[in-house]
């Protein structure tokens, strides 16, 4: 029993020491908040929720696991910083510099990335869902497509359209993205835009010998050509109304 107690005590001591080593340097946290100058600082696991760090110099800083949710990091210098596993949910990152930064596994959902410099940053496993202003080089066309589908299902059609636009900019022959954008436009009652996208999707599907896609696009075109007065409901159509009835071809996550 005595040996067991000693063993448990040693184990708890080890955990305590590990936690101490992994905690942020409190002096560095104070320095950052007071001066916004903290190059190469140790801010591991620091709690910086809602902090105003606009224009801060955090180049080379260790922000592993830090919580920066809803903070303002606009124009901040984060070049070479380690932000692996950090929470950047809802952060303003406009014009922030990330060259050489490690953002592996970082949570960048709902961030604002207008003019952010992400060239040379390590982004493996970073979550950009819901982010605004994502540079094209950050994600693949399929990822933009998937984010668009997710936003469309939540009723955020304008954001969905923005993602589909980016998917198409990367891959102009992406028939599924045209079709998805058409559905989002249909949802916001832009029937002309929806019809144009459906026509482009049909042509692309046909040229790619994708028969299910062609048939789906043709069915959507037929739906759009049906006069509104002939429909049972003239309200705003659900994103899933049409494709749900056809087996949701649109929602199959693969490049068409």
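The values are calculated or read from the model by the stated rules, or taken from the named source; none is laboratory data. All of these numbers come straight from a predicted model, not from anything done at the bench. With ideal geometry, Cβ positions are generated from the backbone for all residues, glycine too; neighbour counts draw on all protein chains shown.
Does residue 125 meet the test of being under 30 Å from residue 223 (Cβ atoms), under 12 Å from the mean Cα position of the chain (by Cα), in a loop (DSSP other than H, G, I, E, B) and in the same structural domain as residue 49 (by TED's automatic domain parsing)? When the stated conditions are applied, residue 125 does not pass them. Checking each residue in the stretch 147-200 for being at pLDDT below 95, within 22 Å of the chain's Cα centre (by Cα), assigned to a helix (DSSP H, G or I) and surrounded by fewer than 17 Cβ atoms within 10 Å (Cβ to Cβ) picks out 150, 153, 158.
Return yes or no: is residue 254 modelled with pLDDT under 50 and buried (at least 19 other Cβ atoms within 10 Å of the Cβ)?
No.
Scanning the stretch 128-142 for residues that are out of contact with any helix residue (DSSP H, G or I) (no Cβ under 8 Å at 6 or more places or on another chain), surrounded by 18 or more Cβ atoms within 10 Å (Cβ to Cβ) and outside any loop (DSSP other than H, G, I, E, B) turns up just one, 138. The condition (being touching a helix residue (DSSP H, G or I) at 6+ places or on another chain (Cβ under 6 Å) and modelled with pLDDT of 95 or more) is satisfied by just one residue among 46, 76, 66, 71: 46.
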